[in-house]
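Values in this text are rule-based calculations from the coordinates and carry no lab data. Being a predicted model, the structure only gives us computed values, none of them experimental. As a convention, Cβ positions derive from the backbone with ideal geometry for all residues, glycine included, and neighbour counts pool all protein chains shown.
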Amino acid sequence: MNIEISKDAAKLEVNGKSLTMDTFCGIENEQAIDGLKLRKETGYINLDPGYGNTGSCVSSITYLDGEKGVIHHRGYELKDLAKNCNFLETAYLLMAGNLPNRADYKQWNSLISENAYLGPSLQELLNHYPARSHPMSVLASVVLSLTGFYGDLGDEKFYNMDMDVVRLLAKTPLIAAHDYRRKRGMNYVHPEPGMGYAENFLHSMFEKDLSVERRKIMADALEKLLIIHADHEQNCSTSTVRMISSSDANVYAAIGGGIGALWGPLHGGANEAVIKMLEYIQMNDGDLASIIARAKDKNDPFKLMGFGHRVYKTYDPRAIIAKGVVDDLLEKLGVDEPLVDTAMELEKIALEDEYFVSRNLYPNVDFYTGIAYKAMGIPKEMFTVMFTMGRMAGWLAHLLEFRADESRRICRPRQIYAGEPMRPFVNMENR
């Protein structure tokens with residue numbers, strides 16, 4: 001096998017056959033080879049378990065550079081968005097391609113507010129789930145059930161965003177908040193039109209348990225956390241949303257699948273796992289030396305949660321923002337959170353230890369976000385729900401982009417079969 005790559009094409013010679021494939025260069029100089037004709041022309045497929053080196057699409061939403069620790073949305077650096085925008089502005093950017101002007105934002109915010117409610121039937125549906133149900137299972141199930149309430153109303157448009165998109169952004173926080181309250185014997189709380197997106201969630205969840213001052217401090221932090229969760233290119237859950245949508249399934253089915261994918265402890269569920277790990281360390285007298293030793297032992301199933309990332313080979317830029325949010329939040333709330341001291345000491349050890357440095361095991365976004373949620377009084381079983389609230393914007397942006405792509409086709413990966421070869425059938429009596 002021989003391959004020659006130039007600026008415009010890649011030439012492959014295999015088994016006496018020759019194939020010329022187009023090459024592409026992205027806006028940020030990413031290089032790609034179009035291998036669509038590979039199997040048809042040569043009989044070969046590209047085997048890439050986990051799709052670690054497979055480009056599944058061309059997208060204009062988010063750019064990542066894992067080696068340099070860079071992430072930007074539609075050309076705007078993440079840290080600038082987190083510093084200067086709220087979550088709904090960022091969501092608008094992801095879906096519409098540009099930040100909203102004042103008139104755009106007023107209309108967008110009004111549309112979200114008008115759909116931020118749960119009708120009596122939806123409240124009743126939620127009330128029938130067992131009290132022990134995990135919040136992510138409830139959220140995924142209720143989102144799927146929204147098809148029965150609203151169907152596919154594709155004729156209702158807001159710019160290029162249909163009303164299903166608006167409903168999902170508007171109702172997801174309320175589903176999460178009411179699930180929290182009904183498990184504790186509390187009634188549904190209606191959102192307040194004058195509050196922002198994050199503040200309304202906190203109001204709908206805690207109502208009178210929060211003073212106005214604390215709610216606003218927490219809301220400011222939560223807006224930033226939702227922004228850093230909003231999109232992260234072709235991750236497991238986003239790819240799931242695109243894959244389900246490729247079958248022309250409705251919006252709620254695609255998003256429900258994304259929620260299921262995010263739930264896993266190797267994806268969005270990692271922020272809950274970080275807190276459990278830090279609590280475990282404290283229960284064992286803060287013995288970090290033992291924890292580090294276990295993390296290095298390849299025969300020990302223990303994993304150091306919150307460190308390392310499939311894409312980043314340096315400090316996760318989202319973790320830098322999250323760490324700043326945690327510091328600011330704890331100071332303003334006057335909260336003394338022992339887990340922060342444990343986390344910072346663990347981070348210090350890992351950043352100085354050759355084992356972790358040589359393997360690029362730097363803190364990722366999950367390492368600090370869980371601490372922020374814990375400081376707000378949000379139970380750890382809801383941490384991945386908080387991630388979902390932010391990532392909803394990215395999922396919907398990718399779904400809309402995918403549906404607008406005239407060259408889209410149903411996702412159907414190939415495989416290498418490793419089972420038994422063809423063999424004769426044997427009747428049960430002779431087996």
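FRET efficiency for the pair ILE410 and ASP336, taken as 1/(1 + (r/R0)^6) with r the Cβ-Cβ distance and R0 = 60 Å, rounds to 0.65.
How would you rank MET283, MET428, MET389, MET344, going from fewest to most other Cβ atoms within 10 Å of each one's own Cβ? It would help to have the intermediate numbers written out before the result.
On the way: MET283 9, MET428 5, MET389 25, MET344 15.
If I rank by nearby Cβ atoms, fewest first, I get MET428, MET283, MET344, MET389.
In this structure, the pairs whose alpha-carbon distance is over 27 Å, taken from LYS7/LYS83; LYS79/LYS313; LYS7/LYS79, are LYS7/LYS83; LYS7/LYS79. Mean residue ellipticity, 222 nm, helices only, the chain: the sum of -39500 (n - 2.57) across DSSP H runs of n ≥ 4, divided by residue count and rounded to 500, is -16000 deg cm²/dmol.
How much length would be gained if the chain were fully extended between LEU266 and GLU352, taking 0.36 nm per residue of separation minus their Cα-Cα distance, in nm to one decimal? Display every interim value, and only then the final one.
Values: separation 86, 0.36 × 86 = 30.96 nm, distance 2.43 nm.
Additional length available on full extension: 28.5 nm.
With N as its number of residues, the chain has a Cα radius of gyration that, divided by 2.2 N^0.38 Å, comes to 1.07.
Taken along the Cα-to-beta-carbon direction at a fixed 7 Å, the label points for ASN84 and MET186 span 3.7 nm. Spin-label model, ALA9 to GLU124: label points 7 Å out along the Cα-to-beta-carbon direction sit 6.6 nm apart.
Other residues with beta-carbon under 15 Å from the beta-carbon of LYS7 carry, at +1 per Lys or Arg and -1 per Asp or Glu, a net charge of -4.
Got a sec? Charge dipole of segment 4-102, +1 on Cβ for Lys and Arg, -1 for Asp and Glu; which of ILE45, LEU93, ALA9 is way out at the positive end? So the residue we want is LEU93.
Based on the Cβ-Cβ distance from SER247 to SER137, what FRET efficiency comes out when R0 is 25 Å, to the nearest 0.05? Kindly include the intermediate steps, with their values, before the conclusion.
Working: r = 23 Å, r/R0 = 0.92.
In this case the efficiency is close to 0.65.
Here the average projected area of the convex hull drawn through the C-alpha atoms of segment 210-346 stands at 10.9 nm².
For the pair segment 212-249 / segment 377-431, the C-alpha centres are spaced 19 Å from each other.
Among the listed pairs LYS224/LYS380; LYS303/LYS374; LYS183/LYS323; LYS11/LYS40, give every one whose C-alpha distance is greater than 26 Å.
Numbers: LYS224/LYS380 19 Å; LYS303/LYS374 21 Å; LYS183/LYS323 31 Å; LYS11/LYS40 15 Å.
Check vs 26 Å cut-off fails for LYS183/LYS323.
Measuring max minus min along each principal axis, the C-alpha atoms of segment 1-103 give extents of 61, 28, 27 Å (largest first). Rounded, prolate or oblate: which one fits segment 270-375, using the alpha carbon gyration tensor with axes a ≥ b ≥ c (rounded when a/c is under 1.5, else prolate when a/b beats b/c, else oblate)? Here segment 270-375 falls in the oblate category.
Within segment 1-47, all pairs of alpha-carbon atoms sorted by distance into 5 Å bins from zero give the percentages 5, 21, 31, 24, 12, 5, 2, 0. Were the residues from CYS25 through MET344 laid out at 0.36 nm apart, the gain over their Cα-Cα distance would be 110.8 nm. For the pair PHE425 and THR54, label points projected 7 Å from Cα toward Cβ lie 3.2 nm apart. In plain terms, the chain from LEU288 to GLU381 could stretch by 31.0 nm, reckoned as 0.36 nm per residue minus the Cα-Cα distance.
Angle between the Cα long axis of helix 102-114 and the longest principal axis of the chain, 0 to 90 degrees, nearest 10? Helix 102-114 sits at roughly 80 degrees to that axis.
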